[in-house]
1. For Ala198, put the label point 7 Å out on the Cα→Cβ axis and report which residues of the range 228-259 keep their amide N under 13 Å from it.
2. List the residues whose amide H sits under 5 Å from the amide H of Leu38, counting only those 5 or more places along or on another chain, with H placed 1.01 Å from N in the peptide plane.
3. Can you tell me the dipole magnitude for the chain around its Cα centre, using point charges on the Cβ only (Lys, Arg +1; Asp, Glu -1), in Debye to the nearest 20?
4. Calculate one ³J(HN,Hα) per residue across the range 293-308 by plugging θ = phi - 60° into the Karplus curve 6.51 cos²θ - 1.76 cosθ + 1.60, and present them in order as whole Hz with x for glycine and proline.
5. Classify the chain as rounded, prolate or oblate from the Cα gyration tensor: take a ≥ b ≥ c as the square roots of its eigenvalues, call it rounded if a/c is under 1.5, otherwise prolate when a/b beats b/c and oblate if not.
6. Hey, what number do you get for the chain at 222 nm if only DSSP H runs of n ≥ 4 count, each worth -39500 (n - 2.57), divided across all residues, to the nearest 500?
7. So how far, in whole Å, is the C-alpha centre of the range 1-53 from the one of the range 250-317?
8. Could you tally the net charge around Ala138, taking each other residue with its Cβ under 10 Å from the Cβ of Ala138, Lys/Arg +1 and Asp/Glu -1?
Amino acid sequence: MVTATACANIALIKYWGKRSVAENLPAAGSLSLTLDALRTTTTVELVEGADRLTLDGDPVEGKPLARITRFVDLVRAATGRSESVQVTSKNAFPTAAGLASSASAFAALAVAAARAFGLEASSKELSILARKGSGSAARSIFGRFARMTDGDDAHAFPLEGIDLTLGAAIAVAKAGPKAIGSTEGMERTRETSPYHAAWIDTVNRDLGPAEQALRAGDVDRLAQIVEGNCLAMHANAMAARPGILYFRPATLWAIEEVRQLRAGGTPVFFTIDAGPHVVAFAPLEHLEAVATRLAGHPDVAEVITSGPGEGARVVEG
Ligand code: PMV
């Protein structure tokens with residue numbers, strides 16, 4: 001029995017578009033911050049019979065279990081073993097809120113399953129394995145800032161030597177209509193949005209300057225690049241047919257609050273994933289003030305604050 005823990009990450013430069021769905025290869029790189037508060041702990045036990053999944057205390061079947069089986073099949077194939085698994089996973093944050101839980105889930109599962117089946121793997125290899133479960137999970141193998149490559153062996157690597165410490169305040173919007181999942185959203189965007197090629201160019205142009213701004217500790221520059229990248233991703237998704245619109249009224253409200261705070265001198269900037277929640281990044285000493293401000297809307301259910309998280313690791317077994 002092996003237990004591993006991993007934290008979700010939020011991308012500053014976003015991944016939105018696959019080069020290969022079968023291999024789950026991104027069409028461009030990305031850059032993220034792993035967050036301590038968004039933690040998943042997963043136990044893998046080798047068992048007789050069929051694969052089983054327990055999520056936050058409840059047995060789960062159907063599509064989520066099939067996705068786990070497909071993923072563990074990769075580890076079984078790589079080791080020539082055939083045991084079934086009982087996967088027991090707990091999120092320290094609301095799964096239903098759609099807060100990048102697949103990133104922490106597949107990073108923790110990759111690390112736990114590799115150890116349980118005796119697969120010797122470097123952190124690069126674990127990142128490649130995690131990517132096959134969920135693209136963003138490749139980045140959660142590493143702590144703090146991570147950058148993702150876009151080759152045939154797409155994997156993340158840690159960005160070392162950055163002094164800037166950022167945390168996040170996440171304005172969790174009250175649930176609206178169920179958001180379109182990332183794979184479906186990405187494929188619809190790639191197939192139908194007239195802006196998709198320009199979006200991929202935008203990512204390729206943003207990655208280097210974003211890393212430079214991080215290294216320089218230049219939050220104003222980061223704000224321009226990160227917010228521009230996020231809005232370009234959503235503009236691309238909105239231009240798909242039918243259009244994909246993740247924003248809710250509380251999303252627009254929170255964007256405006258972040259921009260007003262910044263205009264007033266607070267070093268803060270936002271991003272938004274495939275859902276309605278606004279993630280505000282700021283140096284740790286400013287997070288409480290940002291969180292208090294973002295709590296002031298009736299459709300914001302809660303604000304989660306978090307410092308940087310560490311990489312995925314085995315905690316037992
Ligand atoms: O890894 P996935 O399939 O959950 O896709 C992640 C997509 C975004 O969260 C919107 C962007 C990103 O880079 O994390």
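Read the figures in this text as sums done on the coordinates, not as results from a lab. Values in this document were obtained by computation on a predicted structure and should not be read as measured data. Here the Cβ positions follow ideal geometry from the backbone for every residue, glycine too, while neighbour counts run over all protein chains shown.
1. 232-240
2. Sorted by chain and number, the residues that satisfy this are Ala8.
3. Details: 31 positive and 35 negative charges, 101 e Å.
Dipole about the Cα centre, nearest 20: 480 debye.
4. Each residue's phi maps through the Karplus curve to give 5, 6, 7, x, 9, x, 8, 8, 6, 6, 10, 9, 10, 8, x, x Hz.
5. Values: a/c = 1.58, a/b = 1.51, b/c = 1.05.
Taking the square roots of the gyration eigenvalues as a ≥ b ≥ c, the chain is prolate.
6. Taken over the chain, the calculation gives -12500 deg cm²/dmol.
7. Measuring centre to centre over Cα atoms gives 21 Å.
8. Values: positive: Lys124, Arg131, Lys132, Arg139; negative: none.
Net charge around Ala138: +4.
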